[in-house]
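The values are calculated or read from the model by the stated rules, or taken from the named source; none is laboratory data. Computed from a predicted model, the values in this text were never measured in an experiment. Every residue, glycine as well, gets a Cβ built from its backbone with ideal geometry; the counts of neighbours run over all protein chains shown.
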Amino acid sequence: GQQLNQSPQSMFIQEGEDVSMNCTSSSIFNTWLWYKQDPGEGPVLLIALYKAGELTSNGRLTAQFGITRKDSFLNISASIPSDVGIYFCAGRRTSYDKVIFGPGTSLSVIP
Amino acid sequence: DVKVTQSSRYLVKRTGEKVFLECVQDMDHENMFWYRQDPGLGLRLIYFSYDVKMKEKGDIPEGYSVSREKKERFSLILESASTNQTSMYLCASSFLAGGRTGELFFGEGSRLTVL
């Protein structure tokens, strides 16, 4: 079935560094979503994207809907310890399709 | 803010027991979902519902059933729990129509251990 690929699988960074991660699909999507899951909690929606090329920010987080509509990117600037968690991308091909999730990127921030 | 509440954060059950996981949302969402999350496998959809008394199988429905008697409540049932159902279970909800139907709101999760 349809799958999303996320990279990197895990990251260990120093506090204050910027972070970049991406998500790719073999199909064209009309919606991209980015979630963060804190340890022991449910995922929380960070950013939703609905148009190719769209660039949306939420505080220190910025996400982009790729021009090809087959990828999306998430950047975190000036990381802090509370950024630790798993970041999931999710998307769907049409408004009638189910949302599918990537396997996640695990982020660790070293103080 | 959307609130999705799962009845139990942690459960320990024995093989063969019947298990109920309850989920309630307060945003009048039509869609409700049950996922399980396992390391390395991400989130996998078990069942979803788009209306009261309606249910659709997701990607891994075997060994599970669901019930939706009221719009705000969606229950996941394990008729006879097995050890391979040890997992984190996540409930989510969303709107049925409109531009934001893809935005799922999750509960805190229920970690089930089957001994």
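List of remarks:
- All strands (runs of 3 or more DSSP E) inside segment B:32-115 with 2 or more residues being surrounded by 15 or more Cβ atoms within 10 Å (Cβ to Cβ) and either of a type in the set (A, V, I, L, M, F, W, C) or touching a Gly at 6+ places or on another chain (Cβ under 6 Å) (or both): B:42-49, B:73-78, B:87-94, B:110-114
- Qualifying residue in segment B:21-40 (condition: under 24 Å from A:G104 (Cβ atoms), within 14 Å of another protein chain (Cβ to nearest Cβ) and modelled with pLDDT under 90): yes
- Single unsatisfied condition, A:Y35 versus (1) modelled with pLDDT under 95; (2) buried (at least 20 other Cβ atoms within 10 Å of the Cβ); (3) not hydrophobic (A, V, I, L, M, F, W, C): (1)
- Residue check for A:T68: in a loop (DSSP other than H, G, I, E, B), surrounded by fewer than 16 Cβ atoms within 10 Å (Cβ to Cβ) and within 14 Å of chain B (Cβ to nearest Cβ): no
- Scope segment A:95-111; condition in a strand (DSSP E or B) and of a type in the set (V, I, T); matching residues: A:I100, A:T105, A:V109, A:I110
- Qualifying positions in segment A:73-94 - over 18 Å from B:L41 (Cα atoms), within 13 Å of chain B (Cβ to nearest Cβ) and in a strand (DSSP E or B): A:R92
- Take the conditions (1) of a type in the set (F, W, Y); (2) within 14 Å of another protein chain (Cβ to nearest Cβ); (3) within 21 Å of B:G40 (Cβ to Cβ); B:F95 misses just one of them, which is (3).
- Against the test of being loosely packed, with under 14 Cβ neighbours inside 10 Å and more than 13 Å from the chain's Cα centre (by Cα), the options A:Q14, A:Q9 yield a single qualifying residue, A:Q14.
- Of the residues screened, B:G107 is one that is out of contact with any Phe, Trp or Tyr (no Cβ under 8 Å at 6 or more places or on another chain), within 14 Å of another protein chain (Cβ to nearest Cβ) and either charged (D, E, K, R) or under 20 Å from A:G40 (Cα atoms) (or both).
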